[in-house]
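The values are calculated or read from the model by the stated rules, or taken from the named source; none is laboratory data. All values reported here derive from a predicted model rather than from experimental measurement. So basically every Cβ, Gly included, is an ideal-geometry build from the backbone, and we count neighbours across all protein chains shown. These accessible areas exclude ligands, DNA and RNA; they are computed on the full protein's heavy atoms, side chains included. Shrake-Rupley method; radii C 1.70, N 1.55, O 1.52, S 1.80 Å.
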Amino acid sequence: MSERFMRGDDYDSVVQIWKTCFSDDEGYVRFFWEKCFPMCRGLVWEEEGRVVSMLFMLPGALAYKKSLLPAEYIYAVATLPEHRGCKYAAYLVQYAEIIAKQEGKSALCLLPANPGLYNYYAKLGFRTAFCKQDVSPPQKPLGLLVPHDRQQFVYYAVRRAVWGKQGFFHWPVDMLD
């Protein structure tokens, strides 16, 4: 049993875990795998050669005050039900933290899928730092407002205007595309 980086041949295992643990259909998982996974990293825990737990580390930055601090967003943390209670997800989160520190990241961020998970992540050292708020996007897509090479600047300016005082996770424009 051990942790390792996710590989392309882990797709079927990822789909199985994802569909078992989340309500997303395989189309969403395939979209994420094809569009987002090439820009991020995944970690898996293997038990007797079988992938039983996973998480993804998505790149970005923590925007706070006037700084952009290098960070990663932890996404889709999941363990097959028959392997829960073995702390595999906790080990993967701790491994992600080690990797992030080695790479000079300032923070790991995540949004628990439900309120019951806040205590779980608090035990792993996470703390509530921001409030969740839904806002309407601009009437026109950013791509129509500015050339593609300026979209990140406009995206960041819009987010800073809405959430600038409390801080926010800043996604690279490629992740949003």
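Miscellaneous remarks
- Segments classed as helices (runs of 4 or more DSSP H), wholly inside segment 102-177, with at least 2 members that are modelled with pLDDT of 80 or more, open to solvent by 50 Å² or more (accessible area, probe 1.4 Å) and touching a Pro at 6+ places or on another chain (Cβ under 9 Å): 117-123
- Residue in segment 20-40 that is hydroxyl-bearing (S, T, Y) and open to solvent by less than 20 Å² (accessible area, probe 1.4 Å) present: no
- Matching option when the condition is under 21 Å from D10 (Cα atoms) and either surrounded by 13 or more Cβ atoms within 10 Å (Cβ to Cβ) or among the small types (G, A, S) (or both), among Y91, Y64: Y91
- Failed condition for V14, given (1) more than 18 Å from K101 (Cβ to Cβ); (2) open to solvent by less than 50 Å² (accessible area, probe 1.4 Å); (3) without any contact (Cβ under 8 Å) to a residue 40 or more places away in the chain: (3)
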